[in-house]
Amino acid sequence: MLRTMSPKEQQGVALGFIVKEQQDAAAATTTTASSGTTPRVQSLKLHVSNYVGKEGDPLLRWLVEVDTAIAARRIFEDPSKVATYAEFKEELRQAFEPPKNEFRSRAEFLDQQQGKHDVHAYAQRARYLVSNIVINPMDEATKVVTFMKSLGDGPVKTYLFREYPSTLEAAITLAMQEEFSLRQAKLHVNVPRMARPVMCSEIRNCMSWQVLCS
């Protein structure tokens, strides 16, 4: 069809085609902007443990797990609804959370002592108590100093005060590593030495001596 047109007519058709493409692209952009659609973002599914309400099972720590899972799945609240997830959590906390549970966990953490427990058991208890303090969490310096002061006197405590870690997790890691090294060194010292094997020449000399004595 373009072959039968003059050069001027061909230029007009080409220009019209380009203008139409630009208009279609602009219309598509406007539609996307007005609809508010955004590219789909990959979400992550996290496992959340069940809350059964047993004694010693803190509700606030479970709610933190739920919050993390919701954020990972990119689930957002509908602002048009009256009831919010925050209100639901507060009602759930008032109904099932033991009274002053966070206060008790804070007091127990600040007052705990290693005692006869090994470093691993003591550290796990410290982690558990800290995880219960959600509404008004302690700063890292307080957690580190409390953990170090509550250790039993010995090389592990001395080593931590020499290193002075900046976070509770760093303090726990260093304490466990030092305790493991001490145990390995103790095992190495207590390993009994194997008896020196008797050589054949020694056996022959012993037998010859017995013959001479007889």
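Annotations
- Pairs beyond 29 Å (Cα-Cα), from LYS100/LYS143; LYS149/LYS186; LYS116/LYS186; LYS89/LYS157; LYS45/LYS157: LYS89/LYS157; LYS45/LYS157
- Cβ crowding within 10 Å ranks GLU91, GLU178, GLU163 as GLU91, GLU163, GLU178, fewest other Cβ atoms first.
- Placing unit charges on the Cβ atoms of the charged side chains and taking the dipole of the stretch 101-187 about its Cα centre, the candidate lying farthest along the positive direction among HIS120, MET148, ASN132 is HIS120.
- Basic side chains Lys and Arg get +1 at the Cβ, acidic Asp and Glu get -1 at the Cβ, and with that the dipole of the stretch 81-180 about its Cα centre reaches some 140 debye.
Read-outs throughout are calculated quantities, based only on the coordinates presented, and are distinct from any laboratory measurement. This is a predicted model, so every value here is computed, not measured. So basically every Cβ, Gly included, is an ideal-geometry build from the backbone, and we count neighbours across all protein chains shown.
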